[in-house]
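Chemist: Would you mind keeping the following structure in view while I ask a few things?
The values are calculated or read from the model by the stated rules, or taken from the named source; none is laboratory data. Remember, predicted model here, so these are calculated numbers, not experimental data. In this analysis, Cβ positions are derived from the backbone assuming ideal geometry, glycine residues included, and neighbour counts consider all displayed protein chains. What goes into the accessible areas is simple: the full protein's heavy atoms, side chains included, and nothing from ligands, DNA or RNA. Shrake-Rupley method; radii C 1.70, N 1.55, O 1.52, S 1.80 Å.
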Amino acid sequence: MSNKPVPVPDSETTPFWEAAAQGVLKVQRCTGCGEHVFYPRVVCPSCLSDDLQWVSVSGRATVHAVTVVHRAAAPFKEDLPYAVALVDLAEGPRMMTQILTDAPEKLAIGDAVEVEFRRQGEGPPLPFFRPV
Amino acid sequence: MGRNFRDAVAITGAAESEVGILPHRTEMQLHAQAAKRALEDAGIPLSEVDGVLSIGSSHGTRMPSVQVAEYLGICPSYSDSTSLGGCSFEAYVQHAALAIDAGLCNTCLITYGSTQRSGGAGFGGGTDPWLPFSQFEAPWGLPMMTGAYALAASRYMHLYGTTREQLAEIAVAARAWARLNPDAPRHEPLTVEDVLAAPMIATPLGKLDCCLVTDGGGAVVVTRADRARDARKAPVWLWGSAETHTHSSIANMPDLTVTPAARTGPAAFASAGLRPQDMDLAMIYDSFTITALMTLEDLGFCGKGEGGDFVSHGRIAPDGEFPMNTQGGGLSYTHPGMYGIFLLVEAVRQIRGEAGERQVPVNLALVHGTGGALSAGSTLILGKEPRR
């Protein structure tokens, strides 16, 4: 069984993980300034408004940076090599993810990817991404 | 230029504890050993220390300055355990100058100790489940810290066409300097081919693009200027300083190719009334080859994207025109978690003319520390003479 770290939702992040369980990617949007916000917060980092609403986003993103991991500690060792990336959602926010692909070395910055939720161990489904 | 708070102080003592692989040592022993050596170097008695600025790397050291002060028998009037990761110590020099100039204290002792190599206590971010890292980064298996710097390097190389060979030049130069340092652990020569052939950790960073992982500690004594003139050795003067942080985790770095040095470099030069070309020595945090490369650009030693050319052809190696990381750096000398204290110690030795076979002519030195995932930066400019 996997011992990989799993998210433990809290009062700030539960809506994100509940949406993930439905296969929907949600982030916050600030009603004060209109910015999309990720990771979840109680105040907007652009304008400090505390009126943040959860909105569904397209799940489309672009690879901003990517590394192919060749050496990792125990729980991830079985997956080597794998690609960890920072992806920019079409709506703006950047998030860390793993890219699902059989050819991680072929991934390039600028590649279009889309979200694909997958379970990893006991936790809620995680927003992996896959090349379009 | 008018007087500023930096003119109130000088560095009078600097020393390392034992460094290397030290399974027989605790973190606190290394703080204390370095503190003793630094105070002896300064010729200043423990009884004069009234400021303590300390941090360690293990999770066991809660309230680090309080623990260190108790261990050494100090009841300070200024206490500081600000954590900027690896650049905490450069920031501490600035904090010490502020505190001394404000009259809060007269003699500040800055210490570090770490057994991250042998202690097995782990290093880096916490594991509390509410942390954004725990929920949104840890599940992806990015090896820390190498993976964070690999992501920045991937973006940087994509934008500027910098090659792995150019990054390797930084590791090769560091080893060449380390060969002149009798205390460095590795003296065998290193080539660009060796760096490229080393096992890949996380593309584009291989094992030899990464710093050593060691135990060790260091300490620096910062003294009120009038007292500094009576110290055992010639004082090292503080000309300029700055600190900042731009994010905590790599996913939140505003621009993966622009480090905190882009803020602290210009601020430190402005406070000193100097320019990059005035520097005789650069001590640049080299946790990874990419760290040093981007920092050099952001400090203004070369243009953005020009770092690969800048570090090539032996420029930063012994006998090159740009002496840098002369004790071998984190890449080939030592790197016990937070390496910034060792940058300071080497800069002081070089300015004093105590660097032995690796000595270069130095009147002015720049020291730049980096903390976290390119998160924090602090720059100091130090001089053999007081600021004019």
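Chemist: Work out which GluC sites (Glu not before Pro) in chain A are exposed loop sites (DSSP not H, G, I, E or B, at most 12 other Cβ within 10 Å) and give the longest gap free of them.
Modeler: Longest stretch, sites excluded: A:1-77.
Chemist: Straight-line reach only, C-alpha to C-alpha below 26 angstrom: list the lysines that B:Lys207 could link to, leaving out same-chain residues fewer than 8 apart.
Modeler: By straight Cα distance, B:Lys207 reaches A:Lys4, A:Lys77, A:Lys106, B:Lys304.
Chemist: Excluding B:Arg179 itself, calculate the net charge of residues whose Cβ lies under 13 Å from the Cβ of B:Arg179, where each Lys or Arg counts +1 and each Asp or Glu counts -1.
Modeler: -1
Chemist: Averaged across the residues of B:142-151, what count of C-beta atoms belonging to other chains lies within 10 Å of each residue's C-beta?
Modeler: Taking the mean over all residues of the peptide, I get 5.
Chemist: What are the ³J(HN,Hα) couplings of segment A:113-123, residue after residue, when phi is run through the Karplus curve with 6.51, -1.76, 1.60 and θ = phi - 60°? Round to Hz, x for glycine and proline.
Modeler: 9, 9, 5, 9, 6, 9, 7, 9, x, 7, x
Chemist: Report the relative contact order of segment B:325-388, percent, no decimals, based on alpha-carbon pairs under 8 angstrom and at least 6 residues apart.
Modeler: 26
Chemist: Let me ask another. Based solely on its DSSP helices, what 222 nm [θ] is calculated for chain B when runs of n ≥ 4 H residues each add -39,500 (n - 2.57) and the sum is averaged over all residues, nearest 500 deg cm²/dmol?
Modeler: After summing the helix terms and dividing by the residues of chain B, the value is -9500 deg cm²/dmol.
Chemist: Keeping all protein chains in the complex and leaving out DNA, RNA and ligands, what accessible area do you get for B:His187 with a 1.4 Å probe, in Å² to the nearest 10?
Modeler: The value for B:His187 is about 70 Å².
Chemist: Spelling out what I want: for every residue of segment B:335-349, take phi, set θ = phi - 60°, compute 6.51 cos²θ - 1.76 cosθ + 1.60 (Karplus), and round to whole Hz; glycine and proline get x.
Modeler: After applying 6.51 cos²θ - 1.76 cosθ + 1.60, I find 7, x, x, 10, 8, x, 5, 6, 4, 5, 4, 5, 4, 4, 4 Hz.
Chemist: Amide H of B:Ile55 versus every other amide H placed in the peptide plane: which residues, excluding those fewer than 5 positions away on the same chain, fall under 5 Å?
Modeler: Residues meeting the amide H criterion: B:Thr111, B:Gly113.
Chemist: Relative to the Cα centre, what is the charge dipole magnitude of the protein assembly as shown, using +1 at the beta carbon of each Lys and Arg, -1 at the beta carbon of each Asp and Glu, and rounding to the nearest 20 debye?
Modeler: My answer is approximately 380 debye.
Chemist: Read phi for every residue in segment B:75-84 and hand back ³J(HN,Hα) as whole Hz from Karplus 6.51 cos²θ - 1.76 cosθ + 1.60, θ = phi - 60°, with x for Gly and Pro.
Modeler: 10, x, 9, 9, 9, 8, 10, 3, 9, 10
Chemist: Next up: Would you tell me the mean number of C-beta atoms belonging to other protein chains that fall within 10 Å of each C-beta in B:61-72, as a whole number?
Modeler: So the per-residue partner count for this stretch is 0.
Chemist: Of B:Leu238, B:Cys105, B:Ala292, which is farthest on the positive side of the dipole of chain B, counting Cα position, with +1 on Lys and Arg Cβ, -1 on Asp and Glu Cβ, and the Cα centre as origin?
Modeler: Ranked along the dipole, the leading option is B:Cys105.
Chemist: Could you grab the relative contact order for chain A? Cα pairs under 8 Å, six or more apart, rounded to a whole percent.
Modeler: Across chain A, relative contact order equals 25 percent.
Chemist: With a cap of 16 neighbouring Cβ atoms within 10 Å, and only residues DSSP puts in a loop, list the trypsin sites (Lys or Arg not before Pro) found in segment B:157-262.
Modeler: B:Arg186, B:Arg229, B:Arg232, B:Lys233
Chemist: Specify the angular offset, from 0 to 90 degrees and rounded to the nearest 10, of the alpha carbon long axis of helix B:27-42 from the longest principal axis of the alpha carbons in chain B.
Modeler: Here the helix axis deviates by roughly 60 degrees.
Chemist: In Å², and per residue, what accessible area does chain A have when probed at 1.4 Å with the other protein chains present?
Modeler: Accessible surface, normalised per residue, equals 49 Å².
Chemist: At a probe size of 1.4 Å, how large is the accessible area of B:Cys302, to the nearest 10 Å²?
Modeler: Approximately 20 Å² of B:Cys302 is accessible to the 1.4 Å probe.
Chemist: Still on this structure, please answer the following. Across peptide A:81-87, how many C-beta atoms of other chains are within 10 Å of each residue C-beta, on average?
Modeler: Per residue, the number of nearby Cβ atoms from other chains is 5 on average.
Chemist: Continuing with this model, one more query. List the lysines whose alpha-carbon lies under 22 Å from that of B:Lys384, not counting same-chain residues fewer than 8 positions away?
Modeler: B:Lys233
Chemist: In degrees from 0 to 90, rounded to the nearest 10, what is the angle of the helix B:88-101 Cα long axis to the longest principal axis of chain B?
Modeler: On a 0 to 90 degree scale, this one is about 30.
Chemist: Let me ask something additional. Counting residues in chain A as N, plug N into 2.2 N^0.38 Å and put the Cα Rg over that result.
Modeler: 1.10
Chemist: Mind telling me which of A:Gln28, A:Gln120, A:Gln98 comes out most flexible in a GNM of chain A, alpha-carbon contacts under 10 Å?
Modeler: Among A:Gln28, A:Gln120, A:Gln98, the largest GNM mean-square fluctuation belongs to A:Gln120.
Chemist: I've got another one for you. Averaging sequence separations of C-alpha pairs under 8 Å and six or more residues apart, then dividing by the length of chain B, give the relative contact order as a whole percent.
Modeler: 26
Chemist: Can I ask one more? Projected onto the charge dipole of segment A:14-131 (+1 at Lys/Arg Cβ, -1 at Asp/Glu Cβ, origin at the Cα centre), which of A:Val87, A:Ala108, A:Gln22 gives the Cα projection farthest towards the positive end?
Modeler: Comparing the listed Cα positions along the dipole, A:Ala108 ranks first.
Chemist: Quick one: which residues, 5 or more positions from A:Tyr82 or on another chain, have an amide H under 5 Å from its amide H? H modelled 1.01 Å from N in the peptide plane, none for Pro or chain starts.
Modeler: So A:Tyr82 has HN proximity to A:Val69.
Chemist: Mind listing, in residue-number order, the residues in segment A:27-67 that have at least 20 Å² less accessible area with every protein chain present than in their own chain alone (1.4 Å probe)?
Modeler: Listed by number, the residues meeting the 20 Å² cut-off are A:Phe38, A:Tyr39, A:His64, A:Ala65, A:Val66, A:Thr67.
Chemist: Further question on the same structure: For chain A, give the magnitude of the charge dipole about the Cα centre (Cβ charges: +1 Lys/Arg, -1 Asp/Glu; no others), in debye to the nearest 20.
Modeler: Around 240 debye, computed over chain A.
Chemist: Another question, then. What angle do you read, to the nearest 10 degrees and between 0 and 90, between the alpha-carbon axis of helix B:146-160 and the longest principal axis of chain B?
Modeler: Helix B:146-160 sits roughly 60 degrees off the main axis of chain B.
Chemist: Towards the positive end of the charge dipole of the protein assembly as shown, with charges on Cβ (+1 Lys, Arg; -1 Asp, Glu), say which of B:Gly369, B:Gly216, B:Ala34 has the farthest Cα.
Modeler: Positive-most Cα among the choices belongs to B:Ala34.
Chemist: For the pair A and B, how large is the buried accessible area, both sides, in square angstrom to the nearest 100, if the probe is 1.4 Å?
Modeler: Using a 1.4 Å probe, the pair buries roughly 2700 Å².
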